[in-house]
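Student: Before we start, here is the structure in question, set down as structure tokens.
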Amino acid sequence: MKRVTSVLAAAGLALVIGATSAQAQSLSVGVGGGIVQPLGDFKDLAKLGFHGSAMVGYSLPSGLGFRGELFYAQNKFKDDVSAVVGDGKTKMAAGIGSVTYSFKTAGSITPYVLGSIGYFNAKVESDLGDDSESKIGFGGGAGLKFPLGSDGGFFVESRYLSVSTSGSSTTFIPVTVGVTFGLGK
């Protein structure tokens, strides 16, 4: 996981360095967080949880964009699961790359869609011991961007993510609220 984080950080830095000289494109950084709703078999194990993320994005005038993201989520076990295996929780750490498309509108609110792929480390911790595995995940979603000052923004998004864990996929919906800050246009 350390190697993945280092590669993503280097790629983000290269994106920042390469994009700051471009006039028509825009570069942004942001942070966000919110809730994680488990789905499928994951919903049988875990309660509603929380997540946080840090991101760097690069947008073209056409509306096409790219985003790199470091993501962390945590969900506690449901009470009936805790009664069997003891107290526990799931943790998810990931490096995610997304392609975004922002729709042009007459107003100041900008709707967008995104498709994501990433490398996830899924960990289960309980009184019986810990288990983890690292797998590829993918997903997609939509959001809304609102202007915030001259070069900032506020966003709300939701997406479906599925990680190809052993047995059955770990699927969930993170709902994210966050802020972004432009680094140049």
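The values are calculated or read from the model by the stated rules, or taken from the named source; none is laboratory data. Predicted model, so just to flag it, every value in this text is computed and none were measured. Positions of Cβ are backbone-derived with ideal geometry, glycine not excepted, and every protein chain shown enters the neighbour counts.
Student: Quickly run through segment 36-48 and pick out the residues that are buried (at least 20 other Cβ atoms within 10 Å of the Cβ) and part of a strand (DSSP E or B).
Tutor: Val36, Pro38, Ala46
Student: If you take the residues in segment 163-185 that are assigned to a strand (DSSP E or B) and small (Gly, Ala, Ser), which one is surrounded by the fewest Cβ atoms within 10 Å (Cβ to Cβ)?
Tutor: It comes out as Gly184.
Student: Is it the case that segment 22-34 has a residue that's modelled with pLDDT under 95, surrounded by fewer than 12 Cβ atoms within 10 Å (Cβ to Cβ) and farther than 18 Å from Ser126 by Cβ?
Tutor: Within segment 22-34, one or more residues are modelled with pLDDT under 95, surrounded by fewer than 12 Cβ atoms within 10 Å (Cβ to Cβ) and farther than 18 Å from Ser126 by Cβ.
Student: When you scan segment 137-182, how many residues do you find that are in contact with a helix residue (DSSP H, G or I) (Cβ under 6 Å, 6 or more places away or on another chain) and modelled with pLDDT under 95?
Tutor: So the answer is 2.
Student: Pairs under 7 Å by beta carbon, first residue modelled with pLDDT of 95 or more in segment 35-48, partner in a helix (DSSP H, G or I) and among the charged types (D, E, K, R), six or more apart or different chains?
Tutor: none
Student: Same structure again: Taking Gly137 as the residue in question, decide whether it is outside any strand (DSSP E or B), farther than 24 Å from Pro61 by Cα and either touching a residue at least 40 places away in the same chain (Cβ under 8 Å) or more than 11 Å from the chain's Cα centre (by Cα) (or both).
Tutor: No: the conditions fail for Gly137.
Student: Does Thr180 satisfy the criteria of being in contact (Cβ under 8 Å) with a residue 40 or more places away in the chain, more than 30 Å from Gly88 (Cβ to Cβ) and more than 13 Å from the chain's Cα centre (by Cα)? Write out each step before concluding.
Tutor: Details: in contact (Cβ under 8 Å) with a residue 40 or more places away in the chain: yes; more than 30 Å from Gly88 (Cβ to Cβ): yes; more than 13 Å from the chain's Cα centre (by Cα): yes.
When the stated conditions are applied, Thr180 passes them.
Student: Can you report the number of residues in segment 63-104 which are within 23 Å of the chain's Cα centre (by Cα) and farther than 21 Å from Phe172 by Cα?
Tutor: The number of residues fulfilling the criteria is 7.
Student: Kindly indicate the residue of segment 105-121 that is over 14 Å from the mean Cα position of the chain (by Cα) and outside any loop (DSSP other than H, G, I, E, B) and also surrounded by the fewest Cβ atoms within 10 Å (Cβ to Cβ) among those meeting that condition. Walk me through how you get there before you give the answer.
Tutor: First, the residues of segment 105-121 that are over 14 Å from the mean Cα position of the chain (by Cα): 105-112.
Checking the rest, the ones that are also outside any loop (DSSP other than H, G, I, E, B) come to 110-112.
On the way: Thr110: 17, Pro111: 13, Tyr112: 18.
The extreme case among them is Pro111.
Student: Kindly indicate whether any position in segment 141-162 is more than 16 Å from Gly34 (Cβ to Cβ), surrounded by 15 or more Cβ atoms within 10 Å (Cβ to Cβ) and of a type in the set (A, V, I, L, M, F, W, C).
Tutor: Checked segment 141-162: no residue is more than 16 Å from Gly34 (Cβ to Cβ), surrounded by 15 or more Cβ atoms within 10 Å (Cβ to Cβ) and of a type in the set (A, V, I, L, M, F, W, C).
Student: Evaluate segment 71-86: report whether one residue or more is modelled with pLDDT of 95 or more, outside any loop (DSSP other than H, G, I, E, B), aliphatic (A, V, I, L, M) and surrounded by fewer than 17 Cβ atoms within 10 Å (Cβ to Cβ).
Tutor: No, because not a single residue in segment 71-86 is modelled with pLDDT of 95 or more, outside any loop (DSSP other than H, G, I, E, B), aliphatic (A, V, I, L, M) and surrounded by fewer than 17 Cβ atoms within 10 Å (Cβ to Cβ).
Student: Taking only pairs six or more apart or across chains, which ones have beta-carbon atoms under 6 Å, a first residue in segment 76-87 that is on the phi < 0 side of the Ramachandran plot, and a second residue that is of a type in the set (Gly, Ala, Ser)?
Tutor: Note: pairs meeting the criteria are Phe77/Gly88; Val85/Ser126.
Student: With within 27 Å of Leu45 (Cα to Cα) and touching a strand residue (DSSP E or B) at 6+ places or on another chain (Cβ under 9 Å) as the only criterion, which of Ser98, Ser102, Ser108, Ser162 stands out?
Tutor: Just a single option satisfies the conditions, and that option is Ser162.
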